[in-house]
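A.B. asks: Mind having a look at this structure? Questions to follow.
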Amino acid sequence: MPTPSRIAVTGSTGLIGSSLVTSLRADGHEVVRLVRRPARESDEAQWDPRGKDTGVTAAALAGCDAVVHLAGAGVADKRWTESYKREIRDSRVLGTAAVARAIADQDTPPATFLCGSAIGFYGDTGDRAVDEDAPAGEGFLAEVCLEWEDAAAPAVRAGVRTVLARTGLVVAASGGAWGRLFPLFKAGLGGRIGNGRQYWSHIALADHIAALRFLLEQDGEDALSGPVNLTAPEPVTNREVTRVMGKVLRRPTLFPAPAPALQLFLGQFAEDVLSSQRVVPRRLMEAGFPFTHPGIEDAVRAALEDSA
C-alpha cells in the first residue's frame, strides 16, 4: 500500500474503527469515513449498510487504495430477540455485500479489502486449539460469520486482495464487551463467569490496530488474504482472566455469574458467553507480526493506561 494512501473505513465511530482512523491519520493517510447519516464533514460519505437506495456510491471509493469494513450491530448491545438477531445478521451480511459490490464495480478497484469478521466463526471449541484452517462451528454466531465472510465474494472475484479479520475479545477499558467488565471489577463486583474453564481468545486494542495496519500495508506475493485470526498467541480461561483483573485492579473477585443467572438475564446470548473458544493467530505469527502485549496481564495493564 503506497504512502500516503486513501483509505475508506466503515464503522469509524466504534471502538476499533475510531482507533484505526486515528492511527492512519497520524501517519498521513487520507481517510474517507462511510457514515449512515447524511455526510456533514468533508471526510465523510453516506452509505446504506443494508444495500438499499445508493448502497455505497462509486465516488466514495474512487481513488481508494484500500477499504476497511468494520460496521455491524453490536452482538452484546441488546437481548437476542428474533428481531435483533436479524439486525445482527443483516447489518453484517447485507453491509458487506454492499461494500464488496461497490469495490468490484470500480473502474480501478482498491488493492485491498480488509473485512471484519469474528472468531465466533469457530463456534464452541472447548479445550481444542484452532487456527484459520478449522471449519465453521455451530450456532447462531458461527452461521452469521459464515454468511458474513461469503458476502465479500464480489471483491474476491474482482481480483481484490480480501482479508477476513476474525477478531477475538478486544481488551479495552473504553468500549466493547471488555469495557463493561472494568467498572464491575473496579467496584469489587467481578468474578468468574459460569465455571470459568471456558477459553477467552483476547487481543489488546493496540495489538489489534497494529495487526490491521500490518495486514493493510502488506503487498506482493506474500501478502495475506483470506481468514486471519486477530487474537493473542496464548488464549486464557475466564478463570485466569478473573484472577488477572483482580490482581491488576487490586480488588476481590468474589461475585461469580452462574450459568443459570446468565441464561435468565441474557437469554440465548448466554450460550456464547459461556462457550469456549481457544483460537490461535497462526497466520499472523507465521507472517512475523510482533505482538506488543501478548499476555493477558500486559493487555489489561495497557488498557488501563490507555484509559487514564
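A.B. asks: What residue among L184, L215, L169 has the largest mean-square fluctuation in a Gaussian network model of the chain, using Cα springs under 10 Å?
C.D. replies: L184
A.B. asks: Another question, if that's okay. Please work out how much length the chain gains when fully extended from E30 to A136, using 0.36 nm per residue of separation minus the C-alpha to C-alpha distance, in nm with one decimal.
C.D. replies: Details: separation 106, 0.36 × 106 = 38.16 nm, distance 3.58 nm.
Taking 0.36 nm per residue and subtracting the Cα distance, the gain is 34.6 nm.
A.B. asks: Related question: Quick one: P(r) of region 152-264 from all Cα-Cα pairs, 10 Å bins, percents rounded to integers, in order of increasing distance.
C.D. replies: 13, 35, 26, 16, 9, 1
A.B. asks: A further question follows. Around R25, under 11 Å between beta carbons, what's the net of Lys plus Arg minus Asp minus Glu among the other residues?
C.D. replies: On the way: positive: R33; negative: D27, E30, D43.
Spelling it out: positives minus negatives among the neighbours equals -2.
A.B. asks: At each listed q (0.14, 0.23, 0.26 Å⁻¹), what is the log10 of I(q)/I(0) that the Debye formula gives for region 53-136 modelled as equal alpha-carbon point scatterers?
C.D. replies: -0.65, -1.10, -1.21
A.B. asks: Further question: Please identify the GluC sites (Glu not before Pro) of region 1-95 that satisfy two criteria: DSSP loop assignment and at most 12 other Cβ atoms within 10 Å. Which are they?
C.D. replies: E41
A.B. asks: Of all trypsin sites (Lys or Arg not before Pro) in region 126-178, which ones are in loop regions per DSSP and have a Cβ with at most 16 other Cβ atoms within 10 Å? All intermediate terms of the calculation are to be shown ahead of the outcome.
C.D. replies: Values: sites: R128, R157, R161, R166; in loops: R128.
Hits after loop and neighbour filter: R128.
A.B. asks: Which of A155, A76, A104 ends up with the largest GNM mean-square fluctuation for the chain, with Cα atoms connected below 10 Å?
C.D. replies: The residue that fluctuates most here is A76.
A.B. asks: Tell me which aspartates and glutamates have Cα within less than 12 Å of K186's Cα, excluding those fewer than 8 residues away on the same chain?
C.D. replies: K186 reaches no qualifying aspartates and glutamates.
A.B. asks: Using a Förster distance of 30 Å, how high is the FRET efficiency between A129 and T81, based on the Cβ-Cβ distance and rounded to 0.05? Spell out each step's value before the answer.
C.D. replies: Working: r = 34 Å, r/R0 = 1.12.
Approximately 0.35, to the nearest 0.05.
A.B. asks: For region 137-199, take the alpha-carbon Rg, divide it by the Kirkwood Rh, and send me Rg/Rh.
C.D. replies: Numbers: Rg = 17.3 Å, Rh = 15.0 Å.
Answer for region 137-199: 1.15.
A.B. asks: May I ask you to give the average projected area over all directions of the convex hull of the Cα atoms of the chain, in nm² rounded to one decimal?
C.D. replies: Values: hull surface 61.4 nm².
Averaging across all directions leaves 15.4 nm² for the Cα convex hull.
A.B. asks: Put +1 on the Cβ of each Lys and Arg and -1 on the Cβ of each Asp and Glu in the chain; which of G220, Q198, I103 then has its Cα farthest toward the positive end of the dipole?
C.D. replies: Q198
A.B. asks: Using the C-alpha atoms of region 111-151, what convex hull volume per residue, in cubic angstrom, is computed? Kindly include the intermediate steps, with their values, before the conclusion.
C.D. replies: On the way: hull volume 3.1 nm³, N = 41.
Considering the Cα atoms of region 111-151, their hull volume per residue is 76 Å³.
A.B. asks: Label region 85-131 by shape, choosing from rounded, prolate and oblate, from the square roots a ≥ b ≥ c of the eigenvalues of the Cα gyration tensor; if a/c is under 1.5 it is rounded, and otherwise prolate applies when a/b is larger than b/c, oblate when it is not.
C.D. replies: Details: a/c = 5.72, a/b = 1.79, b/c = 3.19.
Oblate.
A.B. asks: May I pose another question? Rounded to the nearest 10 degrees, what's the angle between the helix 176-186 long axis and the longest principal axis of the chain, both from Cα atoms, 0 to 90?
C.D. replies: 30 degrees
A.B. asks: Also, quick follow-up: Would you look at the GNM of the chain, springs on alpha carbons closer than 10 Å, and say which of P294, P227, P256 moves the most?
C.D. replies: P256
A.B. asks: Provide Rg over Rh for region 1-80; use the alpha carbon set for both Rg and the Kirkwood Rh (inverse mean inverse pair distance). Don't jump to the answer; show the numbers that get you there.
C.D. replies: Values: Rg = 13.1 Å, Rh = 13.3 Å.
So for region 1-80, dividing Rg by the Kirkwood Rh gives 0.99.
A.B. asks: Same structure, new question: Given Cβ point charges of +1 (Lys, Arg) and -1 (Asp, Glu) and nothing else, what value in debye, to the nearest 20, does the dipole of the chain about its Cα centre take?
C.D. replies: Values: 33 positive and 38 negative charges, 254 e Å.
So the dipole magnitude of the chain works out to roughly 1220 debye.
A.B. asks: While we're on this one: Among the trypsin sites (Lys or Arg not before Pro) in region 1-68, which ones are in a DSSP loop with at most 13 other Cβ atoms within 10 Å of the Cβ? Mind listing them? All intermediate terms of the calculation are to be shown ahead of the outcome.
C.D. replies: Details: sites: R6, R25, R33, R36, R40, R50, K52; in loops: R36, R40, R50, K52.
Sparse-neighbourhood loop trypsin sites (Lys or Arg not before Pro): R36, R40, K52.
Values quoted throughout were computed directly from the atomic coordinates according to the rules given, and no laboratory measurement underlies them. These figures come from a predicted structure and were not determined experimentally. Note that each Cβ is placed from the backbone with ideal geometry, even for glycine, and that neighbours are counted across all protein chains shown.
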